[in-house]
Amino acid sequence: MVVDDHPMWREGVARDLTEAGHRVVATSGEGRQAVRVAAAARPDLVVLDLQLPDISGVEVIRGLRAVLPEVRVLMLSASGEQQSVLDAVKAGATGYLVKSAAPAEFLDAVRRTAAGEPVFTPGLAGLVLGEYRRLAGATDGGARPGRDDAAPRLTERETEVLRLVAKGLSYRQIAERLGLSHRTVQNHVQNTLGKLQLHNRVELTRYAIERGLDDD
């Protein structure tokens, strides 16, 4: 689904997605309408503009996650400001790309976001990870939460993959590091999400950082 208030841009993005083999199930130019339409169309992925005429893209993300908890959102915005990125990710966006990105970069971001991989315009991934670490430290005055016995038990391989997720590595980088296939890494991440009852890799990264796995 494509949500953008500029008709030419919206139609252009939808056309590019269709030509690349994706099925566009709906488009919308307003935030509240987008949430209603998404509830009926049930898209797997929403390409969403940050600035909309009625409500902000951040509010749309919250609305989308309320009706479709598993939906993945790629924010496509003219703004690369740090606060805009952080607000979108905290609301549940899986990725954030500026509109100046090349078409090939956009289509790659769509593919990776659809696979549950967080995608950010170059230079923004470190910002997001840094914010997660700051929030994790603020949770309890800087102390890392303990690995309590009540936490779901992960396999050794799942924990290994989780550590690399926390370090900000992509699926492809994790696969190369561990000598696994890209699909195997995806399966480990999906299994871990299920065990931890989390919705996407962004939440998984936050979980791992809160437990200090990025420092291991």
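Regarding the range 60-77, can at least one residue be identified that is in contact with a strand residue (DSSP E or B) (Cβ under 9 Å, 6 or more places away or on another chain), of a type in the set (S, T, N, Q) and open to solvent by less than 10 Å² (accessible area, probe 1.4 Å)? Walk me through it before giving the result.
If we filter the range 60-77 for residues that are in contact with a strand residue (DSSP E or B) (Cβ under 9 Å, 6 or more places away or on another chain), which is where we start, we get 60-61, 64-65, 68, 71-77.
Right, trim to of a type in the set (S, T, N, Q) and you get 77.
After this cut, where a residue has to be open to solvent by less than 10 Å² (accessible area, probe 1.4 Å) as well, the list is 77.
Taking every residue of the range 60-77 in turn, at least one turns out to be in contact with a strand residue (DSSP E or B) (Cβ under 9 Å, 6 or more places away or on another chain), of a type in the set (S, T, N, Q) and open to solvent by less than 10 Å² (accessible area, probe 1.4 Å).
Scan the range 139-178 residue by residue and report those that are more than 13 Å from T205 (Cα to Cα), at pLDDT 75 or above, among the basic types (K, R) and surrounded by 10 or more Cβ atoms within 10 Å (Cβ to Cβ).
R157, R172, R177, listed by residue number.
I'd like the residue in the range 9-30 that is touching a residue at least 12 places away in the same chain (Cβ under 8 Å) and among the polar types (S, T, N, Q) and, out of all such residues, is nearest to P53 (Cα to Cα).
S28
Would you point out which residue out of V89, V35 is at pLDDT 90 or above and aliphatic (A, V, I, L, M)? I'd like the intermediate steps shown before the answer.
Values: V89 fails: at pLDDT 90 or above.
Step by step, each of V89, V35 is checked, and only V35 is at pLDDT 90 or above and aliphatic (A, V, I, L, M).
The values are calculated or read from the model by the stated rules, or taken from the named source; none is laboratory data. Keep in mind that what you see is a predicted model, and the values were worked out from it rather than measured. When we count neighbours, we look across all protein chains shown, and the Cβ atoms used for this are built from the backbone with ideal geometry, even at glycine. The accessibility values were calculated without ligands, DNA or RNA, using every heavy atom of the protein model including side chains. Shrake-Rupley method; radii C 1.70, N 1.55, O 1.52, S 1.80 Å.
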